[in-house]
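Below is one structure, written out as structure tokens, with a few remarks after it.
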Amino acid sequence: MTKGKFLILTSMILTIILGGCGLFSKTARLKDIEITIDGNPAEWEPFPTVHVDKKGDNISIEYDMSVIKAFTNNETGQIYILVESYIPPQEITSVEVDLQYGDEYYRVGLPSGERLYGAVAKQTGEGEWETVTDQLDFSMATAEATEMSFPIDNFPDPSQLKIAKIRIMGGICCNQYEYYAIDFMD
Ligand SMILES: [Ca+2]
Ligand SMILES: [Ca+2]
């Protein structure tokens with residue numbers, strides 16, 4: 001699937017799902033569906049897939065991204081993302097999510113492990129990023145799959161946000177020689 005097609009699909013999801021969601025701390029309710037950030041993707045089954053990553057394009061055995069689902073909830077103020085894997089996920093260092101808002105790009109870095117903040121950076125030039133916040137409160141869990149949620153109030157207009165890329169990162173954050181994408185969609 002091309003990036004362009006993915007972006008359009010993501011936009012449709014945002015439009016459809018912004019409708020009637022309930023207000024929960026680390027969960028989202030869409031009619032009878034409640035998302036719990038625990039690494040179990042079962043409750044996502046009714047949600048539409050927004051991207052299918054290739055099988056076997058991973059560079060190491062910790063992760064091979066497969067199905068991606070995502071939506072924003074304007075009542076909880078959170079974006080929710082599910083990343084599934086063709087193989088049982090192993091330990092990863094972080095997940096990076098690039099969000100596009102018109103011509104602007106934002107990079108969200110979510111480290112694995114407890115009690116750590118995430119970070120948001122805005123692109124200011126070719127390969128140049130300026131930190132928006134390094135105190136991003138987020139939830140992420142990896143078991144059968146990786147589920148994550150983080151607030152969308154760091155971005156200009158959440159209803160216009162689109163997912164441009166997602167990278168599953170390994171190695172040592174964020175040394176340029178030892179920090180690498182295990183698998184990524186682009
Ligand atoms: Ca879950
Ligand atoms: Ca893959």
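Since every read-out is calculated from the coordinates, none of them should be taken as a lab result. Computed from a predicted structure; not experimentally measured. Methodologically, a virtual Cβ is constructed for each residue, glycine included, from the backbone with ideal geometry; neighbour enumeration extends over all protein chains shown.
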**Asked** Which whole-angstrom value gives the distance between the alpha carbon centres of segment 164-186 and segment 55-77?
**Response** 13 Å
**Asked** For segment 103-183, what's the relative contact order in percent, using C-alpha pairs closer than 8 Å and at least 6 residues apart?
**Response** 16 percent
**Prompt:** How big is D for segment 70-186, in µm² s⁻¹ as a whole number, if Stokes-Einstein is applied with the Kirkwood radius of its Cα pairs at 4 °C and 1.567 mPa s?
**Reply:** 89 µm²/s
**Prompt:** If we count other beta carbons within 10 Å of each Cβ, what is the order of D38, D157, D183, D103, fewest first?
**Reply:** D103, D157, D38, D183
**Fill in**
Note on segment 67-107: contact order normalised by length, alpha-carbon pairs under 8 Å, 6 or more apart, percent, works out to 26 percent
**Asked** chymotrypsin sites (Phe, Trp or Tyr not before Pro), restricted to segment 65-141: which are DSSP loop and have at most 12 other Cβ atoms within 10 Å?
**Response** none
**Fill in**
Listed with the fewest Cβ neighbours within 10 Å leading, D153, D53 appear as D153, D53
**Asked** How about K55: which aspartates and glutamates have a C-alpha closer than 17 Å to its C-alpha, ignoring those fewer than 8 places off in the same chain?
**Response** D64, E84, E144, D183, D186
**Asked** How would you rank V67, V108, going from fewest to most other Cβ atoms within 10 Å of each one's own Cβ?
**Response** V67, V108
**Request:** Just grab the label-to-label distance for T49 and T131, each label 7 Å out from Cα along the Cβ direction, in nm (one decimal).
**Result:** 3.8 nm
**Asked** Given 0.36 nm per residue, what is the gain on full extension from I172 to Y117 after removing their alpha carbon distance, in nm?
**Response** 18.2 nm
